[in-house]
Amino acid sequence: MGTSPAATSPSPFSRAEFHVEQLLDLYGFASVVLHAAELLARTALLGGVVFWVALALPLARLLPPGDATRLRRIGRGAVLWAAVASLLCILLTTTLSLGALAASLDVPVASLLGADFMRAAAVTFIATLLIYALALGPDQAGPARRWGLLAAALAVLIGATAGSHAIARTEARPMLLAATGLHQLGAALWIGGLPALLASFRLTPASARRVGRRYSTFAALGVGLILLGILGYWFGYIGSVEAVYGTAYGAMSGTKGILLGLLLLLGGSNWLLLHRLTAGEEGLLRVRRFVEAEIAIGIAVLAVAASLTSVPPASDLPDDRVSWAEVVERFTPAWPRLESPNHADLAIPHLQAQLDAEWQQRQAAQAQKPQAFTPGEGLLPPRNAQDIAWSEYNHHWAGLMVLLVGLAALLDATGRVPLARHWPLVFIGLAGFIFLRSDPEAWPLGEIGLLESLRDPEVVQHKLAGLLVVGFAVTEWWVRLGRIRGRARYVFPLAMVAGGVLLLAHTHAISNVKEQLLVELSHLPLAVLAVIGGCARFTELRGPEALSRIARWIWPVCLILIGILLILYREA
């Protein structure tokens, strides 16, 4: 990336007025984020329908009148909120896809309305709208209304499956369609109903236990369907162990499997608390904390699922894979790079004239039309040894700061070092470091202006990361000083989870598959640790005391591990 020194020389980041075509570079990132939001809303919608129709309404007959009414309202409310979110996400994702496709092909939007993805979106939208209309009635529902809700939910599932990767496959399409449908249904039965389950724990303890026990049956069924879907994905999209670490699709799927294992651990703990152990007041409080963690990790799982749509399946890349020897070579520890190269030695300043000439040729050849757009597609900027050194220097110093934060947080957990409670201030220095050095070709170090640089998804992610760091650092410092109480205390753990989710829901440049994968293999553990650490800090703040004592040590260890991984980061 870079701007031309000549005022008349066009550049990909010229200071001309933004048009839709000029924003195509951001569409890949936006499409993945919106797809993650749509997947989350749809999962909550399907899970909410099942919770209301198959759990709340039948079980309400066995509960005291007050709890029965509240349970039915919880189920209906979950459906209404999820339906509204789903409708909004469908509109946004469809509009984004139409705009990108129309700009890429230079055709009117009306000519694209008959495309297959539009038909699938129309089915999903109409079915979701029907669910919303049926949920507008009273909390109680007769047989016809229940069957209508279930039928509309099935139509949503069919429409979503028809718009998935499976429909585009020429081989094993029926198996992959079935696997996709089972996978999404299983996620809805298990993860989609968790918000309603969490709300139902506000009932009396006896009623809450009955709801939790009944829900565990649906969750167990959901786990079985998810595993069946994974089996189909394995044979259709992956196929071998080498593909797991050798392709981006396999690596992301492996990360998804690790998060699924954490979910199974939490779900199993809840099952024991509700069925085998005496779930008194503290037991139910533990179940609530575990359900909250399940929701956070479930969001991360859905973010990974959305990110998988921006990479080709592993089975489509039989040759261009990273070998185990290359993985071992890249992740062999080396002394961190603590000295920065000069900014003037980076590749982009040296190659700017060449970039401008190539841009002029492309513009002339394409008659000012943007290239066809594929979500997740991108071209890596030119790099030399100094660029690699610059990036490694950034990661290593950031790792040292995060390591310092984790160690200080551990000292603070002992309660014996009062000065250690100011550890959040180190994060402010990290935010300034990210803002200054993360994008050397952009402002303030490079020639690209701030607004122009925001066309690049990577720049946007870096700026968002810097803002997140500043926000949670200041807030957490005030929490440590006792100036903030209430819900504002949760800014830091929520920011950790959000950072991990954003790192999982990223786009992939497919112009250098191997190099991108090696970088991604180092980033995926960071995202998982961030999600775990955020959940642990949230649990520490929420209690009960027995869990807080354990969680108090978990999230600083997560920060320490994140710091170590950043210090060991290499790009060559």
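Of all residues in the range 124-162 being at pLDDT below 90 and within 21 Å of Ala37 (Cβ to Cβ), which is surrounded by the fewest Cβ atoms within 10 Å (Cβ to Cβ)?
Checking each candidate, the answer is Ala162.
Hey, among Ile74, Ile90, which residue is in the same structural domain as Leu149 (by TED's automatic domain parsing), closer than 21 Å to Thr43 by Cα, touching a residue at least 60 places away in the same chain (Cβ under 8 Å) and touching a helix residue (DSSP H, G or I) at 6+ places or on another chain (Cβ under 7 Å)?
That would be Ile74, the only listed residue that is in the same structural domain as Leu149 (by TED's automatic domain parsing), closer than 21 Å to Thr43 by Cα, touching a residue at least 60 places away in the same chain (Cβ under 8 Å) and touching a helix residue (DSSP H, G or I) at 6+ places or on another chain (Cβ under 7 Å).
Can you name the residue in the range 421-480 that is among the acidic types (Asp, Glu) and not in a loop (DSSP other than H, G, I, E, B) and is also nearest to Leu410 (Cα to Cα) among such residues?
Across the range 421-480, the extreme among qualifying residues is Glu476.
I'm trying to understand the selection: among the residues of the range 306-334, which are surrounded by 15 or more Cβ atoms within 10 Å (Cβ to Cβ), in contact with a Leu (Cβ under 7 Å, 6 or more places away or on another chain), not in a helix (DSSP H, G or I) and not hydrophobic (A, V, I, L, M, F, W, C)?
Once the filter is applied, which keeps residues that are surrounded by 15 or more Cβ atoms within 10 Å (Cβ to Cβ), in contact with a Leu (Cβ under 7 Å, 6 or more places away or on another chain), not in a helix (DSSP H, G or I) and not hydrophobic (A, V, I, L, M, F, W, C), the range 306-334 yields nothing.
What's the number of the only condition in (1) without any contact (Cβ under 8 Å) to a residue 60 or more places away in the chain; (2) out of contact with any Leu (no Cβ under 6 Å at 6 or more places or on another chain) that Ala495 fails to meet?
Failing condition for Ala495: (2).
Go through Leu468, Leu430, Leu436, Leu403 for me and flag whichever is surrounded by fewer than 18 Cβ atoms within 10 Å (Cβ to Cβ) and of a type outside the set (Val, Ile, Thr).
Leu436
Select from the range 493-542 the residues that are more than 22 Å from Val460 (Cα to Cα) and charged (D, E, K, R) and write down the one among them that is modelled with the lowest pLDDT.
Lys514
Can you spot a residue in the range 178-198 that is buried (at least 24 other Cβ atoms within 10 Å of the Cβ) and assigned to a loop (DSSP other than H, G, I, E, B)?
Yes: one or more hits.
When you go through (1) modelled with pLDDT under 70; (2) crowded, with 21+ Cβ neighbours inside 10 Å; (3) small (Gly, Ala, Ser) one by one for Gly75, which number turns out not to apply?
(1)
Could you please find all residues in the range 91-111 being at pLDDT below 85 and surrounded by 16 or more Cβ atoms within 10 Å (Cβ to Cβ)?
Leu96, Ser97, Leu98, Gly99, Ala100, Leu101, Ala102, Ala103, Ser104
Table: residues versus (1) crowded, with 22+ Cβ neighbours inside 10 Å; (2) within 22 Å of Ala505 (Cα to Cα); (3) in contact with a helix residue (DSSP H, G or I) (Cβ under 7 Å, 6 or more places away or on another chain).
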residue: His523; (1), (2), (3): no, yes, yes
residue: Cys535; (1), (2), (3): yes, yes, yes
residue: Leu541; (1), (2), (3): no, no, yes
residue: Glu545; (1), (2), (3): no, no, no
residue: Arg549; (1), (2), (3): no, no, no
residue: Arg552; (1), (2), (3): no, no, yes
residue: Leu559; (1), (2), (3): yes, yes, yes
residue: Ile564; (1), (2), (3): no, no, yes
residue: Leu568; (1), (2), (3): no, no, no
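List the residue pairs whose Cβ atoms are under 9 Å apart, where the first residue sits in the range 42-53 and is surrounded by fewer than 24 Cβ atoms within 10 Å (Cβ to Cβ), the second is of a type in the set (Phe, Trp, Tyr), and the two are 6 or more positions apart or on different chains.
These pairs meet every condition: Val53/Trp147.
How many residues does the range 213-238 hold that are surrounded by fewer than 19 Cβ atoms within 10 Å (Cβ to Cβ), without any contact (Cβ under 8 Å) to a residue 40 or more places away in the chain and touching a Leu at 6+ places or on another chain (Cβ under 8 Å)?
Adding up the residues that qualify gives 1.
Is one or more of the residues making up the range 77-85 touching a residue at least 60 places away in the same chain (Cβ under 8 Å), within 17 Å of Arg214 (Cα to Cα) and in a helix (DSSP H, G or I)?
No, the conditions are met nowhere in the range 77-85.
Starting from the range 532-560, keep only residues that are in the same structural domain as Ala398 (by TED's automatic domain parsing) and at positive phi, then list their pairs with residues that are in a helix (DSSP H, G or I) and at pLDDT 90 or above whose Cβ atoms are within a distance under 9 Å, requiring at least 6 positions of separation or different chains.
Taking only residues 6 or more apart or on different chains, the pairs are Gly543/Arg289.
Of everything in the range 244-297, what is outside any helix (DSSP H, G or I) and farther than 19 Å from Ala219 by Cα? Give them in sequence order.
Passing the criteria: Thr247, Thr278, Gly280.
So which residues in the range 49-68 are within 13 Å of Arg209 (Cα to Cα) and outside any helix (DSSP H, G or I)?
Result: Leu62, Leu63.
Looking at (1) within 15 Å of Ser315 (Cα to Cα); (2) touching a residue at least 40 places away in the same chain (Cβ under 8 Å); (3) not polar (S, T, N, Q), find the lone condition where Ala168 falls short.
For Ala168, the exception is condition (2).
In the set Gly229, Gly181, Gly163, which member is over 19 Å from Lys256 (Cα atoms) and assigned by TED's automatic domain parsing to the domain that holds Ile299?
None of the others qualify; the one that does is Gly163.
Can Leu410 be described as out of contact with any Gly (no Cβ under 6 Å at 6 or more places or on another chain) and either buried (at least 16 other Cβ atoms within 10 Å of the Cβ) or of a type in the set (D, E, K, R) (or both)?
yes
Yes or no, residue by residue, for (1) assigned by TED's automatic domain parsing to the domain that holds Gly212; (2) of a type in the set (Phe, Trp, Tyr); (3) modelled with pLDDT of 90 or more:
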| position | (1), (2), (3) |
| --- | --- |
| Ser9 | no, no, no |
| Pro12 | no, no, no |
| Tyr27 | yes, yes, no |
| Val32 | yes, no, no |
| Glu38 | yes, no, yes |
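Any residue in the range 250-277 that is within 14 Å of Ile532 (Cα to Cα) sitting within a Cβ distance under 8 Å of a residue that is charged (D, E, K, R) and modelled with pLDDT of 90 or more? List the pairs, counting only those 6 or more apart or interchain.
Filtered contacts from the range 250-277: Leu263/Glu294; Leu266/Glu294.
The values are calculated or read from the model by the stated rules, or taken from the named source; none is laboratory data. None of the values given here were measured: they were computed from a predicted structure. Note that we place each Cβ from the backbone using ideal geometry, even for glycine, and neighbour counts take in every protein chain shown.
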